[in-house]
Amino acid sequence: MAADKQQVIQDLDEIIGLIGKDTKDITKDEKKKMVSDTLNYFDNYVSPGWLKYRKSVSSDSENGAVLEWYDEGAYVYGLNDEKFIDCLGGFGIYTCGHRNPEIMEVVREQLNHQALHSQELLDPLRGYLAKAVADITPGDLQQCFFTNGGAEAVEMALKLARIATGGRWYISTVGAFHGKSMGAISVGGKSTYRVPYTPMVQQVQHVRYGVAEDIRKAIENLQAVGEPVAAVILEPIQGEAGVIIPPDGYLTEVRKICDDTGVALIFDEIQTGMGRTGTMWRWAAASFRSPASSAVPRCGCRILSTTRGSSAPRPLAATRCAAPQPLPPSGTCSRTTSRAYAGEKAKSSRPAFSPWQTSTRTSSRRSAAPASCSPWSSTPASWAMRPRRGCSHGRS
């Protein structure tokens, strides 16, 4: 509903003025009005369900609700100086605490010379960050695609799996949570999130979490009837299902199953990664606990979705991937077939374009991609760079 332009400007100027004020300089009447406005605006302009869902909205405060207004370390503070220990941590993003002084100093220095890059020229910090993430990631996971949050990272992982394998089906687990975007909800395993939006994205099958043999049966049954499988997606520890830790050896066995069947393996570390479970990556730690071989072999296709743990004001997540050798064409599944396919590719003298190729990006010479062009590219094959291992940087 359109409002008077001048009134909108006046309201925004008032809000911006409050942001710049020290809390002790905000008057009691201003605070009461902020609480009243917030409850009203959430009910009418955000979602009335939010006020019912958030139990913390109801409180014994004088004004009937606590407005979160500032934070530091492990604490968040209300507008009237109410102090709370933050046990939620912004769904796990504040692993370094709220407004960590070292991080805040670097953020201020960056803002002093550039807030955001233009997307047109090369951003050096993106390259440095991708290298740093590669350095702390086990195995040969190398390429990095940055996104705005966890669900988007999962969506990117799902797309990469289809491109890399030629498969279409996904195997997920009952109780899983991978985000609330359409693809992420579809591979999620909680009816609470799925039922309101059915029908979901098709070609998703759910099996019991922690039972590797169920994953093997699901893949083999689908492949037996000509349905190619793109990926298995797992949380190394199921979070929203109730912090479900799988049996020792489970992740290693799933890795072996995916290798045997030519299926990509996606580890969703949005909640468990970046040190949140005591080690940098939960899947790597879990594999070390197993007497079997490592969960990160030098073959097959693996994709890692994660989100940052920091005090940074800008959301960041990443999808990491590696595909060191060609995977079998769609519809083939056995390890023998995969090796035979790789051998035929090696014998061929004709240059072949991989879905993992990168391409140069131009701002003025866009054209429809010919059949010989990579599906990952927006430019003709003649402009493409040499094939590289891993995924390219680009738009999802």
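The values are calculated or read from the model by the stated rules, or taken from the named source; none is laboratory data. Only a predicted model underlies this, so the values are computations on that prediction, with no experimental measurement involved. Glycine also receives a Cβ, built like all others from the backbone with ideal geometry; neighbour counts cover every protein chain displayed. Only protein heavy atoms, including side chains, enter the accessible area calculation; ligands, DNA and RNA are left aside. Shrake-Rupley method; radii C 1.70, N 1.55, O 1.52, S 1.80 Å.
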- Sorting Tyr70, Tyr250, Tyr53 on solvent-accessible surface, 1.4 Å probe, most exposed first, gives Tyr53, Tyr70, Tyr250
- Note on the structure: Heavy-atom accessible area with a 1.4 angstrom probe orders Arg108, Arg276, most exposed first, as Arg108, Arg276
- Task: Please give the solvent-accessible surface of Glu213 in Å², to the nearest 10, using a probe radius of 1.4 Å with every protein chain present.
- Result: 90 Å²
- Toward the positive end of the charge dipole of region 97-231, about the Cα centre and with charges on Cβ (Lys, Arg +1; Asp, Glu -1), which of Ser191, Ala230, Leu141 goes farthest? Ser191
- How much of the calculated P(r) for region 115-200 lies past 14 Å, in percent of all Cα pairs? 72 percent
- Kindly write out, for region 248-260 in residue order, the coupling ³J(HN,Hα) from the Karplus curve 6.51 cos²θ - 1.76 cosθ + 1.60 (θ = phi - 60°), rounded to whole Hz, with x marking Gly and Pro. 4, x, 4, 5, 5, 5, 5, 4, 5, 4, 5, 5, 5
- Kindly report, to the nearest 10 Å², the accessible surface of Val225 as traced by a 1.4 Å probe over protein heavy atoms only. 110 Å²
- If you plug each phi of region 192-198 into the Karplus form 6.51 cos²θ - 1.76 cosθ + 1.60 with θ = phi - 60°, what whole-Hz ³J(HN,Hα) values come out, in order, with x for Gly and Pro? 3, 8, 7, 4, x, 10, 5
- Going by the alpha-carbon gyration tensor, a ≥ b ≥ c the square roots of its eigenvalues, is region 193-235 rounded (a/c under 1.5) or, if a/c is not under 1.5, prolate (a/b greater than b/c) versus oblate? oblate
- Could you give me the ³J(HN,Hα) list for region 33-45, computed from phi with Karplus coefficients 6.51, -1.76, 1.60 and θ = phi - 60°, whole Hz, x at Gly and Pro? 5, 4, 5, 4, 5, 4, 4, 5, 6, 5, 5, 9, 10
- Item | Cross-link pairs Lys180/Lys217; Lys24/Lys83; Lys217/Lys256 - those with Cα-Cα distance over 18 Å | Lys180/Lys217
- Message: From the protein chains alone at 1.4 Å, what is the descending order of accessible area for Tyr170, Tyr77, largest first?
- Response: Tyr77, Tyr170
- Query: Taking Cα centroids, how far is region 174-201 from region 257-275 in Å?
  - Reply: 18 Å
- Which far-off residues, 5 or more places away or on another chain, put their amide H under 5 Å from the one on Tyr75, with H placed in the peptide plane? Asp86, His98
- With all protein chains present, calculate the accessible area of Ile244 using a 1.4 Å probe and round the result to the nearest 10 Å². 70 Å²
- Message: Given a 1.4 angstrom probe, what's the average accessible area per residue across region 89-233, in square angstrom?
- Response: 52 Å²
- Under a 5 Å amide H to amide H cut-off, with H placed in plane at 1.01 Å, what residues pair with Gln238 once short-range neighbours are removed? Ile244
